[in-house]
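**Q** Got a structure here, written out as structure tokens. Questions coming.
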Amino acid sequence: MSKHSPSPYVVVLAGSASLAIAMGVGRFAFTPILPMMLHDGVLDLSRAGELATANYVGYLVGAVAAMAVPRRWDHTFVIRLTLVSTILLTALMSAPYAEVWVALRFLAGVASAVGFVFTSGWCLAQLSGTGSSIGSAIFTGPGAGIAVSGLTASGMTMLGLSGSTAWLVFAAISAIISGIIWKTFGKSSKPSDAYSVGAPTSASGKVPKSEMPLFAIAYGLAGFGYIVTATYLPVIAKNSIPGSPLLTVFWPLLGLAAVVGSLLAARVKHGADVRLHLTGAYLVQAVGVALSVVWHDAFGLAISSILVGLPFTAISFFAMNEVRRIRSSHHSRYMGLLTAVFAIGQILGPPTVGAIMGRVADVDAGFDLALAVASIALVVGAAIYVLMILLFPGERSARRVGRPARQT
């Protein structure tokens, strides 16, 4: 290994840590900190929805911006820039200037999207040709980040710390981890594609053009379907089981389930129809979202957290591989499209909750209705994949018949 070619395991660990910062902190640290900020009286649920929406809009902008970054740019420089940006933006959230929080959460969303895209692309480019099959393990990062941030927030809640202190703690943790992995993201001779998930999947070239729009709609519904739980889970738990010592357990449990789900996704049979995997993942998540509507005790919330978390990153992993089949050429553009549509689905989540809350007298009833709508969205997404399998089975069959006897 040259000094510019770290070992596959180092690449995976650094990539996972970078994604933990980009997603677990840049995007989702707000979720476990939200109850602390509500307790501090510095915002209400309406304002919380605005901050969440700003972050998701930023994620959309970041996803689009990642597509526009010139290929000649050093991707490791971009990764390092997003790490520094996330640390600074997280620390600034501790400032007692509520009027700038929306802007800070927006910029954090931009940084998280760019960081996710470029970290994934660079790491998988470094792993290409190494014979290693551990590349998918970098996608344990978001779940690990959620779990660590959730557990850290739990400890701070028990110590009675404020939300502003929590932001500083998360910034410090991110800075320490960034320092550890910094040297790994050095210049490399291997070119990387920002929207890359490994070796291209073969396709016959006869995939109908109408399959991609259906796929995009289904993927956007996934963004909407999980985001209500991902934004408000600790608040939902606090309303369902007030005073319980388990209130802070459910968010890190979701993160741990996401880690397990990403590892399981990497072990699925390569020759199977990915749309079947996506259908199953959507339905599992739909059940998890719906459970929190009908099962309000601690055990029900725990099962809900696990079922929502298991497909959390697996859905993206499956989808990004599937788009390479549907569009085997110029697939990066379509991966960017899917990421943007997913972000739009997320953006619609908090305003939907806000609209529902404005029309019901009871907060619990409002959350139940919002979660029910989210669960239905996931079921509709799963139904679209089933429709795609029925409408477009030909290319899949041709691919199985035309390929060598063993190519998994």
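**Q** Exactly one of (1) part of a helix (DSSP H, G or I); (2) more than 30 Å from Val363 (Cα to Cα); (3) out of contact with any Gly (no Cβ under 8 Å at 6 or more places or on another chain) is unmet by Ser18. Its number?
**A** That leaves (3) as the condition not met.
**Q** Out of region 170-204, which residues are modelled with pLDDT under 60, in contact with a His (Cβ under 8 Å, 6 or more places away or on another chain) and loosely packed, with under 13 Cβ neighbours inside 10 Å?
**A** If the condition is that a residue be modelled with pLDDT under 60, in contact with a His (Cβ under 8 Å, 6 or more places away or on another chain) and loosely packed, with under 13 Cβ neighbours inside 10 Å, then Ser189 is the only one that fits.
**Q** From the list Ile347, Ile356, Ile315, pick out the single residue that is buried (at least 24 other Cβ atoms within 10 Å of the Cβ) and at pLDDT 80 or above.
**A** Ile315
**Q** Hey, can you tell me all the residues within region 365-402 that are surrounded by 13 or more Cβ atoms within 10 Å (Cβ to Cβ) and modelled with pLDDT under 85?
**A** Result: Phe392, Glu395, Arg396, Ala398, Arg399.
**Q** Given Leu291, Leu263, Leu278, which one is modelled with pLDDT of 90 or more, in a helix (DSSP H, G or I) and under 17 Å from the mean Cα position of the chain (by Cα)?
**A** Leu278
Okay, residues lined up against (1) at pLDDT 90 or above; (2) buried (at least 24 other Cβ atoms within 10 Å of the Cβ); (3) within 27 Å of Met335 (Cα to Cα):
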{"residue": "His4", "(1), (2), (3)": "no, no, no"}
{"residue": "Ser18", "(1), (2), (3)": "yes, yes, yes"}
{"residue": "Val25", "(1), (2), (3)": "yes, yes, yes"}
{"residue": "Gly49", "(1), (2), (3)": "no, no, no"}
{"residue": "Val57", "(1), (2), (3)": "yes, no, yes"}
{"residue": "Arg71", "(1), (2), (3)": "no, no, yes"}
{"residue": "Asp74", "(1), (2), (3)": "no, no, yes"}
{"residue": "Ser85", "(1), (2), (3)": "yes, no, yes"}
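**Q** Of all residues being part of a helix (DSSP H, G or I) and charged (D, E, K, R) in region 27-47, which is surrounded by the most Cβ atoms within 10 Å (Cβ to Cβ)? Just the residue, please.
**A** Ranking the candidates gives Arg47 first.
**Q** May I pose another question? Within the set of pairs 6+ apart or on separate chains, which have a first residue in region 209-229 that is assigned by TED's automatic domain parsing to the domain that holds Ala281 and in contact (Cβ under 8 Å) with a residue 60 or more places away in the chain, a second that is surrounded by fewer than 24 Cβ atoms within 10 Å (Cβ to Cβ) and of a type in the set (Lys, Arg), and C-beta atoms under 7 Å apart?
**A** Partner pairs satisfying both residue conditions: Met212/Arg327.
**Q** Search region 12-39 for residues that are within 14 Å of Thr231 (Cα to Cα) and assigned by TED's automatic domain parsing to the domain that holds Thr82 and pair each with any residue that is surrounded by fewer than 24 Cβ atoms within 10 Å (Cβ to Cβ) and among the charged types (D, E, K, R) when their beta-carbon atoms are under 6 Å apart and the residues are at least 6 apart or on different chains.
**A** Filtered contacts from region 12-39: Pro35/Lys238.
**Q** Just to be sure before I move on: is Trp101 closer than 21 Å to Gln346 by Cα, in the same structural domain as Tyr59 (by TED's automatic domain parsing) and in a helix (DSSP H, G or I) in the structure I sent?
**A** For Trp101, the condition - closer than 21 Å to Gln346 by Cα, in the same structural domain as Tyr59 (by TED's automatic domain parsing) and in a helix (DSSP H, G or I) - is met.
**Q** Taking the condition at pLDDT below 80 and of a type in the set (A, V, I, L, M), does Val207 pass?
**A** Yes; evaluated as a whole, the condition is true for this residue.
The values are calculated or read from the model by the stated rules, or taken from the named source; none is laboratory data. Everything numeric here is computed off the predicted structure, so don't read it as measured data. A quick note on method: Cβ atoms are made from the backbone with ideal geometry, for glycine too, and the neighbour counts reach across all protein chains shown.
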